[in-house]
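Everything below concerns the one structure shown next.
The values are calculated or read from the model by the stated rules, or taken from the named source; none is laboratory data. As the structure is a prediction and not an experimental result, all values here were calculated from the model. Don't worry about glycine lacking a Cβ; one is built from the backbone with ideal geometry, like all the others, and counts go over all protein chains shown.
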Amino acid sequence: MRVSFAGLELVSPIIAASGTFGYGIEFEEIVSLERIGGFVTKGISMEPMAGNAPPRIIQTASGMLNAIGLQNVGVQDFLERKLPPLRRYPRCQVIVNVFGYTVGEYLSVIQRLNQVEGIAAYELNVSCPNVHAGGMAFGADPGSLEYLVRRAKIASTRPLIVKLSPNVTSVAHMAKVAKGAGADAVSLVNTFLAMSIDSQTRRPRLSNITGGLSGPAIKPIALRMVYETARSVNIPILGMGGIITPEDAVEFMLAGATAVQVGTASYADPRASERLARGLESWCRSNQVERVASLTGALELPRT
Ligand SMILES: Cc1cc2nc3c(=O)[nH]c(=O)nc-3n(C[C@H](O)[C@H](O)[C@H](O)COP(=O)(O)O)c2cc1C
């Protein structure tokens, strides 16, 4: 079940996604942290952030709409209280999702994180649809993306994964830009900009008015984006978007992902990541797949 991803050795290609797995340590009694490849922390900013006012999570048909707005404890508290207990799980790779309102803030967070042990890689969040500055503002404009990634790569002592937004015309093009600026890998996709309205009250259901759609509703689109990106850029991909079953994970790998992330599924079943890691192993056994890594990009295309 091992896979190598951007210099990281993962015991399984299943990784818990940012914003759906806290800071990891909250899950230690729910999930066997050493059975999953790792997890990505909630987006960490220089200062603590309270996020948006409630309501900020709404259930939708086959999905979930959120406008959390990057609530987090800030880098200092993360390093002092959240990271140290994770050293009990050395096989579980800790990927820190980094967020800033300005290029300088992204770099400050990275420089602070560089000073400690126990972090495997950084995931640069340039795709949050729920904040009014930073985030998606960088991920939606090729020039801003290129500048941020170039600076972040210079600042970083660890592999740099760039998390891309699906809210652009071509994710594959943004992946090319990220690679050109020095990204070691890309994650895709973040949530899709969306909204929900209550017809009775005539009001938006989220206080932020719009939010990000995730879960099974987005899976076919996310899969297409991973497929297109894998065909146009030679860079490892962490695929995600609506993965619920082991077969979903296999589909993302066939489309070109080296490993996958599981997000919304953990809201329905907090054990989802471990269930998927075990389920993928069983799937490989039942389908005579000796090495899960052999699935990456193994999609059979119709002959033309
Ligand atoms: C409640 C919630 C909070 C999220 N917070 C973050 C975040 O802080 N940073 C980030 O890069 N992505 C964040 N995401 C996006 C997920 O990591 C993932 O990209 C997206 O939900 C698609 O995967 P899924 O359909 O498996 O949930 C969040 C998603 C949800 C549902």
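Among the residues making up the range 28-60, those that are crowded, with 22+ Cβ neighbours inside 10 Å and not in a loop (DSSP other than H, G, I, E, B) are Gly38, Phe39, Val40, Ile44.
Restricting attention to the range 61-78, which residues are outside any helix (DSSP H, G or I) and over 19 Å from the mean Cα position of the chain (by Cα)? Let's see the steps before the verdict.
Step one: filter the range 61-78 for residues outside any helix (DSSP H, G or I), giving 61-74.
Those that are outside any helix (DSSP H, G or I) and over 19 Å from the mean Cα position of the chain (by Cα): Ala61, Ser62.
Contact annotation: residue pairs with Cβ atoms under 6 Å, 6 or more positions apart or on different chains, pairing a residue in the range 205-219 that is more than 11 Å from Pro129 (Cβ to Cβ) with a partner that is within 12 Å of the ligand (Cβ to nearest atom) and of a type in the set (Phe, Trp, Tyr), are Ile218/Phe192. Among the residues of the range 230-253, are any in a loop (DSSP other than H, G, I, E, B) and of a type in the set (Lys, Arg)? Within the range 230-253 (the criterion being in a loop (DSSP other than H, G, I, E, B) and of a type in the set (Lys, Arg)), the answer is no, since none of the residues qualifies.
Test Gly242 against the stated conditions and say whether it is in contact with a Lys or Arg (Cβ under 7 Å, 6 or more places away or on another chain) and within 12 Å of the ligand (Cβ to nearest atom). Lay out the reasoning, then the answer.
On the way: in contact with a Lys or Arg (Cβ under 7 Å, 6 or more places away or on another chain): yes; within 12 Å of the ligand (Cβ to nearest atom): yes.
The answer is yes for Gly242.
Could you please let me know if Tyr101 is in a strand (DSSP E or B), away from the ligand (no atom under 11 Å from the Cβ) and either closer than 21 Å to Ile161 by Cβ or of a type in the set (A, V, I, L, M, F, W, C) (or both)? No: the conditions fail for Tyr101. In the condition set (1) among the polar types (S, T, N, Q); (2) in contact with a Gly (Cβ under 9 Å, 6 or more places away or on another chain); (3) at pLDDT below 95, Ser108 is compliant with all but (3).
So that you can scan it fast, the table gives a plain yes or no per residue for (1) in a helix (DSSP H, G or I); (2) within 12 Å of the ligand (Cβ to nearest atom); (3) of a type outside the set (A, V, I, L, M):
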position	(1), (2), (3)
Glu80	yes, no, yes
Pro85	yes, no, yes
Arg91	no, no, yes
Ile95	no, yes, no
Tyr106	yes, no, yes
Gly118	no, no, yes
Cys128	no, yes, yes
Ala137	yes, no, no
Tyr147	yes, no, yes
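Being out of contact with any helix residue (DSSP H, G or I) (no Cβ under 9 Å at 6 or more places or on another chain), buried (at least 17 other Cβ atoms within 10 Å of the Cβ) and not small (Gly, Ala, Ser), is that true of even one residue in the range 123-134? Yes, the range 123-134 contains at least one residue that is out of contact with any helix residue (DSSP H, G or I) (no Cβ under 9 Å at 6 or more places or on another chain), buried (at least 17 other Cβ atoms within 10 Å of the Cβ) and not small (Gly, Ala, Ser). Residues in the range 221-239 that are more than 14 Å from the chain's Cα centre (by Cα) and either free of Cβ contacts under 8 Å to residues at least 12 places away in the same chain or away from the ligand (no atom under 12 Å from the Cβ) (or both): Arg224, Tyr227, Glu228, Thr229, Ala230, Arg231, Ser232, Val233, Asn234, Ile235.
Residue count for the range 164-189 satisfying the condition of being part of a loop (DSSP other than H, G, I, E, B), within 16 Å of the ligand (Cβ to nearest atom) and more than 20 Å from Gly263 (Cβ to Cβ): 1. Among the conditions (1) under 13 Å from Pro13 (Cβ atoms); (2) free of Cβ contacts under 8 Å to residues at least 40 places away in the same chain, the only one that Glu290 does not satisfy is (1). Would the range 202-217 turn up any residue that is out of contact with any Ser or Thr (no Cβ under 8 Å at 6 or more places or on another chain), away from the ligand (no atom under 12 Å from the Cβ) and closer than 15 Å to Gly63 by Cβ? So far as the range 202-217 goes, yes, one or more of its residues are out of contact with any Ser or Thr (no Cβ under 8 Å at 6 or more places or on another chain), away from the ligand (no atom under 12 Å from the Cβ) and closer than 15 Å to Gly63 by Cβ. Going through (1) in a helix (DSSP H, G or I); (2) surrounded by fewer than 18 Cβ atoms within 10 Å (Cβ to Cβ); (3) among the polar types (S, T, N, Q) one by one, Ser266 falls short only on (2). Would you check if Ala277 is closer than 23 Å to Ala178 by Cβ, more than 14 Å from the chain's Cα centre (by Cα) and not acidic (Asp, Glu)? Criteria not met by Ala277.
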